[in-house]
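Working notes, beginning with the structure itself.
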Amino acid sequence: MPESTAARRPAWVARLLTRDAALIAVLVLVLVLASAALPRFASPVTVGYLLLNAVPVLLLALPMTLIIITGEIDLSVASTVGITTATIGSLNLAGWEFLPAVLVALLVGVIAGAVNGALIAFVGLPSLAVTIGTLALYRGLTLVLIGDNSVSSSQYPEGFTSLINAKVGATGIPIVMGFVILAAAVFIIVLHATPFGRGLYALGFSKEAATFVGVHVPWAKFWLFTASGLVAAFVGVFWSTYYSARSDSANGLELTVIAAVLLGGVSIFGGRGTVIGALTGVLIISNINYALRLQRVPDVVLIIITGSLLIVSVVGPSVVDAARRRIQRARRHRTRPLAEARGIDGA
Amino acid sequence: GGEAGGGEGSSEGASISFIPKNLNNPYITLELSGAKEAAEELGFTYAEAAPLDAGADSQIPFIQTEVQNGTQILAVSPNDPDAVCPALEDARAGGAKIITFDSDSAVECRDLFINQTSVEGVAAGQLEQLFDQIGGTGEIAILSATAAAPNQNAWIEAMIQQIEESDEYEWDLVATVYGDDDDTKSFQEAQGLLQSYPDLAGIISPTTVGIAATARYLSTSEYKGQVALVGLGLPGQMKEYLDDGTVQAFALWDPSEVGYLTAYAGKALLEGTITGAEGDTFDAGKLGSYTVGPDGLVIVGELLKFTPENIDEYDYISF
Amino acid sequence: MTLVDHRTRSLRDRAISLLRLREVPVSVALIALVVVTALLNPRFLTAQSTKDLLLNATIVMILATGQAIVIITRNVDLSVGSILGISGFMTGTLFATVPGIPIPVVFIIGVLLGSALGALNGLLVTVAGVPALVITLGTLYIYRGINNAWAGGREYFSGDRPRAFGDLSVDTVLGFPIITLIALLVLLALAVVLAGTRFGRDFYAIGSDPDAAKLFGIRVRSRVFSAFVINGALAGLGGVLYASRFSSVGATTGTGIELDVVAAAVVGGVAIFGGSGTVVGAAIGALLLTTITSSLAALRVDKFWQQAVVGMLILAAIIIDRIAALRTARRLRVSEARDA
Amino acid sequence: MSITTPTAAPALELIDVAKSFGAVVALSSADLALHSGSIHALVGENGAGKSTLVKIIAGLYRRDSGVYRLDGAEVDFSSTAQAKSAGVAVIYQEPTLFPDLTVAENIFMGRQPRGRLGLIDRAAMRAAASELFARLGVPIDPDRIAEGLSIADQQIIEIAKAISMDARVLVMDEPTAALSGVEVERLFAVARSLRDGGAAILFISHRFDEVFDLCDRITVMRDGRYIQTHSTSEVTIDQIVKEMVGRSIEALFPKVDAPIGDVVLSVEGLSRQGVFRDVSFEVRAGEIVGLSGLVGAGRTEIVRAVFGIDAYDTGAVEFLGRPLPARNPMAAIRAGMGFVPEDRRKQGLVMDLSVARNASLTLRHRLARFGILSAARERTAAADWTRTLQVKGALEAEVSTLSGGNQQKVVLAKWLATEPKLLIVDEPTRGIDVGTKAEVHRLLSELAGRGIAIIMVSSELPEVLGMSDRVIVVREGAITAQLDRADATPETIMHAATASREGAR
Ligand SMILES: Nc1ncnc2c1ncn2[C@@H]1O[C@H](COP(=O)(O)OP(=O)(O)OP(=O)(O)O)[C@@H](O)[C@H]1O
Ligand SMILES: Nc1ncnc2c1ncn2[C@@H]1O[C@H](COP(=O)(O)OP(=O)(O)OP(=O)(O)O)[C@@H](O)[C@H]1O
Ligand SMILES: [Mg+2]
Ligand SMILES: [Mg+2]
């Protein structure tokens, strides 16, 4: 390898200083600290449990990242998970086979997402309001579908449930992570390496700027929300087999997903963020939570930590920015001092 | 895993972990106080962990981390009877003894189930109290916890069966509603019941949150004294309503005894005194000796029925 | 082109502009709902039922009023449920641990506590210049965590509180429960402030165009901060009233109420991106949302359908609002062309 | 040239004021003195720093250095409210209205008349607004919300707002840009009466006839610095222009004649209710068509509709002999159109993305292989055009860190990279410095020479005159004149652009 590091360093350093790199560093730090402090942490058992529990949030974070990058938000994801588990559960009670029920559930998820998408993209309603509405609507339909029943994985063919809990050899990595990685790869490619994804950043920065370079704004939004529904449906399938299908499945999960995505550096204003960052955000929260739980730190502390991390992650950069600007101004003033001018202040 | 599983015979210094449905609920706090007391008596290392809400998914990570911590006795009140099974099986594979208390998992996932009192007993007790107040006719309704709560649903099922089988009970069960063990929601459900069913004669609420919220609503409305309310309630919380006449009787057991017995059952399992088979007997400290019933079921005791006359004897069931 | 004398607006003009108010659709919906339900189930409007309807709406109404102010400034506060929880538990604690504490003092402490928590939100939002959605999502967790840590498994029951305090939500004056009257007074005061004072109009200006507001010399940060403080104070008041009405206050009091509150404001015609809407509209929205639950129960609609109906109602409200906005925009554009 | 100094201290005085935005020096050394009872003009090219100066006066920006005095006392405002309460009223170049509030409230925001109990007296407010509008002679309903007002009406409300303040110092940054002749006259009458009442007025305009008609003195600025102050009676337009530009006009507009080819774009009867009506024109290969008119005339809306950004109700667009679908910018891009929008920061660029990403945004479909983009290919494509246009700044740099001129070059690069047959440029030189401006002009000329058709929307008359082969004038959404290069003069264009509404054209 050629030794031109001196010339390359700026780009190299710049890459190290990106938010993603910083997040990954934080994740590594968390892992190292947890492994050092907790003897049982670094084990395949942790890997297995932690990742399996994180699957829903990891998956939901993928479309959420894209949606937030375009400046929108989807609060209905958890309810969509709910309605798809209810679909599987109630079809199971009606005597359906597992696979056909899953197909119907995926369809339900797509429809749920498309309804959001159509209202937001074509009717032009604000996504925050629409998805608050569908959050209630889809959860309501979940109740209608499954009522007071609880349908658990024991109802399904042995193969599916054991597949969910199967691990890759002795590593402890669940087989389903393969699916998560696949989905993540799809979203990473779509966002970072396709014309469509490039358009999403433009869209998130400014709708006008995107329109001028030929992004079809309504369709782009429509597809994103539909994709969000589909992914939520996959999570619903996972949920019904790993946990159970009930009316309260995934209740309140939307805020967890959004918090993790924002922690992962995706800007709520749109236009900034990466899939890797968002996934790292999810993993940071899951690891901290898991490690603290292993120490039997009460959940109360965990939610305070989650909230604080979220605030620090957005306030931090803005404080750093302000400080940097102040230093710059001070430097300028040193070279060209401001005339002592303090007259009527305020009047 | 693999670090659990103490030696046969002695259980001194063994670890026991309690995972109730959720924390921050007075009923559960009482339960755990009994558990802690027993653990101290037995010289166990005691731990408790639970989520803040009673979701199926939120409880599982706690079971998992306790499994990983190598706890030797795992006592769980499952929020979902089947969803907890994979995690419980992992625990068992690691050598831990599994006990469910308060609500049960699928039978094959645990060694013992410590139930307050028999499902039939709970159902019968509440129906009797209702019968005493309104007789055998009229419209009645049930206000439960969450729609999928296993123990609630078991009691409701038993009540419906007993009403059908009995010749005295000619009630018309018009509705079953769910307050989700949420004070506000239960309150509004109670209110909705009275509005929808003007002729309602009585309400059964087999949950401490539900009965308190319903009593609060009744006591603040014109229905006070008109509509009978029975169910499972905490004496400390319900005394007010007994005093003001909103409620004439309600029932419960001593929650701390459930926790207490669970810890002793754990000791017996760990020491190999019992295996969970029907007919096994074990010693439970101040509670005396207990015998395992079919399907690994252990019943703590009888339903305690509270009335204005005896309520003051039970104020220890409080905090 | 004719010059119209705008000082003498015709009655018809006034009537038309009245009909265009954003509160109209929600009020019509509310009236229709009550009338239809009462026709089908006459007990729906008995004294007790009416009292219950009002009581149910009271707390959400107070929270929606505060939320409306925050939303009008183009912000949002998701932490209100947690603030209500802490204030409610504080109320329980005060009565249980300070025997004989006067009721007004408890109100004051609850409101101050809420204001302090709201002020923290406001500080974070204005000083750091970070979107309120993120900040208050964070404080939603933090405040709830604090509430949990403080309360643990403890709960305070209505029996621990003085009878007079509980009676605030039992006794009525002119058919209105006292806590509802408190809420209405607060609502009225804030409605006047928002519509009739310079301070209140600043909120609209800020939400309408924050950049223009800054250019204009409006103290944007200080106003946004005040909006969060007012909202916090109202959530604090909501917590005290909660303790008066319901049987227990503990670690989870008020969980999840934030989305209902935002929904009530949106249904009541408060534009989610700020600048328009009124607290009265938000309060009517809250009344509509809580009434719909009761009326579905009164109509014996399957309980499992209730939440779905609420969801549809929210969607209908924003769709109607959008259609109205589009029509207004079109009307303005065309009338502009005619002027030209 | 020396000016007789009035005896009293100036009402407002700026000495050697400087202001930079990051690397951009907006003002390097500005001087200004306004006197009570006098109207003072400030002229200078686009980007000379006039608006920046205004914003410093208004308290919106804080100067980096220099002196700011009001009535002889030094001041340092940190908000516009402070300036306002010190008696300084400002009409900004861009209207700053609150769209959700009524017109009356917009005027009296923060100063609403109060009645009983200290509450806002809406009737009084409405009456006061009506009175102001009567004084200005415009029929605007004080109770209507500001949303959807035309630019001219918005400007009138700004004016009403400023005069209602009875300020000692009134600053007007291009208040007439959107107004018709009658409205301008009324405004001038009001301004004169305010002057006679003792106000000090600063008036900024690009229209020399107005400047000479209204003002007593004229200050010229160039490239952020003070050049000279004249008494209006002692100076000629030529002299002012020379000082403003600092070089001869010819050098700025290096239009070379290009062979004009076949019709590339043909627009037939395009209408959109309330925005523009019955717009028809053609553009040929190698031709530069200037679209002129007042701000708010609807030029931008017309070209946006042609490109497919906005919808139109009736009419048709034909491009290269084939009909172009409505509301489909992608189709327009594919067919070979490019569009450099007027607002570079919000429409032209994605400020958070790098130069390379921005420059290749229009090419994203073409650069993708099997639907996947490669960063390397993107960089190569971007490098070509940014090098040709001499964009200063690394390819990886975020465009937000570039200067305005360089940002505009990135916008141009991203469209040139698509090798368009027709390029629409909307205010291509707004806010970029003189040097870069000349470069942009040379580039446009060169592109025309290569056979590319160009539609240039511009509010700068010299630019339109210097660059266009043909000038189309738009007034109130309709084409009022199509002038060949030979017939296009400032007079013919302004006449077509402003002919009074009642006028018989
Ligand atoms: N907020 C800002 N950030 C960066 N650069 C700015 C900013 N505001 C102005 N500039 C730059 O400062 C210079 C002076 O701009 P200014 O708006 O004062 O010019 P102007 O004389 O008012 O021009 P015009 O006649 O077009 O209104 C321009 O180069 C402009 O791009
Ligand atoms: N009635 C209106 N309501 C709101 N905004 C308007 C209205 N008319 C024009 N605008 C806005 O003002 C800006 C300039 O107006 P417009 O595009 O109509 O004029 P133009 O002839 O293109 O002038 P210029 O290109 O000099 O701005 C545009 O961004 C447009 O969105
Ligand atoms: Mg300017
Ligand atoms: Mg324009």
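The values are calculated or read from the model by the stated rules, or taken from the named source; none is laboratory data. Everything numeric in this text was worked out from a predicted model, so none of it was measured. Positions of Cβ are backbone-derived with ideal geometry, glycine not excepted, and every protein chain shown enters the neighbour counts. For the accessible areas, the whole protein counts, side chains as well, though only heavy atoms, and no ligand, DNA or RNA atoms are used. Shrake-Rupley method; radii C 1.70, N 1.55, O 1.52, S 1.80 Å.
Below are the figures for this structure:
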{"item": "Out of D:S459, D:S400, D:S360, sole residue that is hydroxyl-bearing (S, T, Y) and farther than 30 Å from A:F269 by Cα", "result": "D:S459"}
{"item": "Tally, over segment D:174-196, of residues that are more than 14 Å from chain C (Cβ to nearest Cβ), out of contact with any Leu (no Cβ under 8 Å at 6 or more places or on another chain) and either touching a residue at least 24 places away in the same chain (Cβ under 8 Å) or within 16 Å of ligand 1 (Cβ to nearest atom) (or both)", "result": "5"}
{"item": "Where A:S247 falls short, out of the listed (1) within 14 Å of chain D (Cβ to nearest Cβ); (2) outside any helix (DSSP H, G or I); (3) among the small types (G, A, S)", "result": "(1)"}
{"item": "Residue check for D:V190: in contact with a strand residue (DSSP E or B) (Cβ under 7 Å, 6 or more places away or on another chain) and either of a type in the set (V, I, T) or at pLDDT below 80 (or both)", "result": "no"}
{"item": "Filter pass, D:V138 being within 24 Å of the chain's Cα centre (by Cα) and either at pLDDT 90 or above or more than 16 Å from ligand 2 (Cβ to nearest atom) (or both)", "result": "no"}
{"item": "Selection count where residues are closer than 11 Å to C:T252 by Cα, touching a Gly at 6+ places or on another chain (Cβ under 7 Å) and not charged (D, E, K, R), scope segment C:128-156", "result": "3"}
{"item": "When residues of segment D:442-471 are limited to those that are in a helix (DSSP H, G or I) and either within 16 Å of ligand 4 (Cβ to nearest atom) or within 14 Å of chain A (Cβ to nearest Cβ) (or both), the one nearest to D:L320 (Cα to Cα)", "result": "D:V464"}
{"item": "Of the criteria (1) more than 16 Å from ligand 1 (Cβ to nearest atom); (2) in a strand (DSSP E or B); (3) away from chain C (no Cβ under 14 Å), which one D:A89 fails", "result": "(3)"}
{"item": "B:T117 being open to solvent by 20 Å² or more (accessible area, probe 1.4 Å) and outside any helix (DSSP H, G or I)", "result": "no"}
{"item": "Residue match in segment C:26-38 (condition: of a type in the set (S, T, Y), away from chain B (no Cβ under 14 Å) and not in a helix (DSSP H, G or I))", "result": "no"}
{"item": "Some residue of segment D:406-424 being charged (D, E, K, R), open to solvent by less than 20 Å² (accessible area, probe 1.4 Å), modelled with pLDDT of 85 or more and over 24 Å from D:I472 (Cα atoms)", "result": "yes"}
{"item": "Exclusive hit being away from chain A (no Cβ under 14 Å), open to solvent by less than 40 Å² (accessible area, probe 1.4 Å) and hydroxyl-bearing (S, T, Y), set C:T139, C:T93", "result": "C:T93"}
{"item": "Test result for D:Q93, within 16 Å of ligand 4 (Cβ to nearest atom) and under 30 Å from D:P142 (Cα atoms)", "result": "yes"}
{"item": "Any hit, segment B:275-288, residues being touching a Gly at 6+ places or on another chain (Cβ under 7 Å) and outside any helix (DSSP H, G or I)", "result": "yes"}
{"item": "Number of positions in segment C:310-323 that are open to solvent by less than 40 Å² (accessible area, probe 1.4 Å), closer than 20 Å to C:A297 by Cβ and within 7 Å of another protein chain (Cβ to nearest Cβ)", "result": "3"}
{"item": "Which listed residue is in a strand (DSSP E or B) and surrounded by 21 or more Cβ atoms within 10 Å (Cβ to Cβ), from D:L53, D:L14", "result": "D:L14"}
{"item": "Residue check for D:G338: in contact with a Phe, Trp or Tyr (Cβ under 6 Å, 6 or more places away or on another chain), more than 14 Å from chain A (Cβ to nearest Cβ), open to solvent by less than 60 Å² (accessible area, probe 1.4 Å) and not aromatic (F, W, Y)", "result": "no"}
{"item": "Criterion violated by D:V283 - all others in (1) within 23 Å of D:L444 (Cβ to Cβ); (2) away from ligand 2 (no atom under 16 Å from the Cβ); (3) free of Cβ contacts under 8 Å to residues at least 24 places away in the same chain; (4) open to solvent by less than 30 Å² (accessible area, probe 1.4 Å) satisfied", "result": "(3)"}
{"item": "Options D:A394, D:A438, D:A413, D:A383; residue that is closer than 29 Å to A:V186 by Cα and either out of contact with any strand residue (DSSP E or B) (no Cβ under 6 Å at 6 or more places or on another chain) or among the hydrophobic types (A, V, I, L, M, F, W, C) (or both)", "result": "D:A383"}
{"item": "Qualifying residue in segment D:426-441 (condition: among the hydrophobic types (A, V, I, L, M, F, W, C), within 14 Å of another protein chain (Cβ to nearest Cβ), away from ligand 2 (no atom under 16 Å from the Cβ) and within 26 Å of D:I309 (Cβ to Cβ))", "result": "no"}
{"item": "Among residues of segment D:197-226, those that are within 22 Å of D:T96 (Cβ to Cβ) and within 16 Å of ligand 1 (Cβ to nearest atom), counted", "result": "5"}
{"item": "Residue tally, condition within 14 Å of another protein chain (Cβ to nearest Cβ), within 10 Å of ligand 2 (Cβ to nearest atom) and at negative phi, over segment D:286-309", "result": "6"}
{"item": "Residue within segment C:77-86 that is open to solvent by 20 Å² or more (accessible area, probe 1.4 Å) and within 20 Å of the chain's Cα centre (by Cα) present", "result": "no"}
{"item": "Those residues of segment D:181-235 which are open to solvent by 20 Å² or more (accessible area, probe 1.4 Å) and touching an Asp or Glu at 6+ places or on another chain (Cβ under 6 Å), in sequence order", "result": "D:Y226, D:I227, D:Q228"}
{"item": "Check on D:L60, more than 22 Å from D:D31 (Cβ to Cβ), touching a helix residue (DSSP H, G or I) at 6+ places or on another chain (Cβ under 9 Å), part of a loop (DSSP other than H, G, I, E, B) and within 9 Å of chain C (Cβ to nearest Cβ)", "result": "no"}
{"item": "Counted residues, segment C:200-214 - those being more than 9 Å from D:D100 (Cβ to Cβ) and either open to solvent by 20 Å² or more (accessible area, probe 1.4 Å) or not in a helix (DSSP H, G or I) (or both)", "result": "4"}
{"item": "Single match in D:G298, D:G308 (criterion: under 15 Å from D:I424 (Cβ atoms), open to solvent by less than 30 Å² (accessible area, probe 1.4 Å) and out of contact with any helix residue (DSSP H, G or I) (no Cβ under 8 Å at 6 or more places or on another chain))", "result": "D:G298"}
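Yes/no per residue for (1) over 21 Å from the mean Cα position of the chain (by Cα); (2) within 16 Å of ligand 3 (Cβ to nearest atom); (3) charged (D, E, K, R):
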{"site": "D:A86", "(1), (2), (3)": "yes, no, no"}
{"site": "D:I107", "(1), (2), (3)": "yes, no, no"}
{"site": "D:Q112", "(1), (2), (3)": "yes, no, no"}
{"site": "D:S150", "(1), (2), (3)": "no, no, no"}
{"site": "D:Q155", "(1), (2), (3)": "no, yes, no"}
